[in-house]
1. Within segment 11-28, how many residues are modelled with pLDDT of 95 or more and either of a type in the set (A, V, I, L, M, F, W, C) or exposed (fewer than 13 other Cβ atoms within 10 Å of the Cβ) (or both)?
2. Could you look through segment 36-58, keep only residues that are small (Gly, Ala, Ser) and in contact with a Ser or Thr (Cβ under 9 Å, 6 or more places away or on another chain), and pick out the one that is surrounded by the most Cβ atoms within 10 Å (Cβ to Cβ)?
3. Say whether the condition of being more than 15 Å from PHE115 (Cα to Cα) and in contact (Cβ under 8 Å) with a residue 40 or more places away in the chain is met by at least one residue in segment 49-57.
4. Please return the ranges of strands (runs of 3 or more DSSP E) entirely within segment 36-125 where 3 or more residues are within 13 Å of the chain's Cα centre (by Cα) and under 15 Å from GLY26 (Cα atoms).
5. Pick out the one residue from ARG74, ARG34 that is closer than 24 Å to SER102 by Cβ and at pLDDT 95 or above.
6. Could you tell me whether any residue of segment 59-70 is in contact with a helix residue (DSSP H, G or I) (Cβ under 6 Å, 6 or more places away or on another chain) and touching a residue at least 40 places away in the same chain (Cβ under 8 Å)?
7. Please list, ordered by first then second residue, the pairs with beta carbon atoms under 8 Å, 6 or more apart or interchain, first in segment 1-17 and without any contact (Cβ under 8 Å) to a residue 12 or more places away in the chain, second surrounded by fewer than 19 Cβ atoms within 10 Å (Cβ to Cβ) and in a strand (DSSP E or B).
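The values are calculated or read from the model by the stated rules, or taken from the named source; none is laboratory data. Since the model is a prediction, treat every value here as computed from it, not as a measurement. Quick reminder, even Gly has a Cβ in these numbers, built from the backbone with ideal geometry, and neighbours come from all protein chains shown.
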Amino acid sequence: MATRAVYSFTGFPGAPVRHLYLHHDGYPTGAAWRFTTALREQQEMGAFLAAFLSTQPGAEPLEAPEQAADADYRYQVQLLAGDAAGAQVQVQCWRRLPGSSSWQPRCRPMPLARFIRRFLPGDPL
């Protein structure tokens, strides 16, 4: 069975808000793997959204996260203000339990690198 997820990106150049739907591997380990793949392509945080899009060709754009009524996980990926060298990406995650319509926090906001270390331990970026 597929684990569907919505990824909402905010604060990135050229796309103040962007919602993407992926129909498999949406659990946190899968998300950490997707994030790592994007970072291997481009390590500049301001270009992280473009790298994510490049490495996830199956991502479907959404107008709003609510369009993916079957999503099991939801990720908020935010570019925090800073100069080019100091910009950071922060990730927050929610899970919808089977049979529920409400979202439960899975992890608090944390830097992208910490999210990857937590959910994909041992993977050297």
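1. 3
2. Going through segment 36-58, the residues small (Gly, Ala, Ser) turn out to be 38, 46-47, 50-51, 54, 58.
Still in the running and in contact with a Ser or Thr (Cβ under 9 Å, 6 or more places away or on another chain): 38, 51.
On the way: ALA38: 23, ALA51: 19.
Per the stated criteria, the residue is ALA38.
3. Yes, because at least one residue in segment 49-57 is more than 15 Å from PHE115 (Cα to Cα) and in contact (Cβ under 8 Å) with a residue 40 or more places away in the chain.
4. Details: elements: 60-62, 73-80, 88-95, 104-111.
Passing ranges, in order: 73-80, 88-95.
5. Working: ARG34 fails: closer than 24 Å to SER102 by Cβ.
When all the criteria are applied, what remains is ARG74.
6. Filtering segment 59-70 for residues in contact with a helix residue (DSSP H, G or I) (Cβ under 6 Å, 6 or more places away or on another chain) gives none.
Within segment 59-70, not a single residue is in contact with a helix residue (DSSP H, G or I) (Cβ under 6 Å, 6 or more places away or on another chain) and touching a residue at least 40 places away in the same chain (Cβ under 8 Å).
7. Once the first residue is without any contact (Cβ under 8 Å) to a residue 12 or more places away in the chain and sits in segment 1-17, its partners that are surrounded by fewer than 19 Cβ atoms within 10 Å (Cβ to Cβ) and in a strand (DSSP E or B) give PRO16/THR10; VAL17/SER8; VAL17/THR10.
Table: residues versus (1) over 18 Å from VAL6 (Cβ atoms); (2) in contact (Cβ under 8 Å) with a residue 24 or more places away in the chain.
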residue: ALA31; (1), (2): no, yes
residue: GLU44; (1), (2): yes, yes
residue: ALA81; (1), (2): yes, yes
residue: SER101; (1), (2): no, no
residue: PRO105; (1), (2): no, no
residue: ARG118; (1), (2): yes, yes
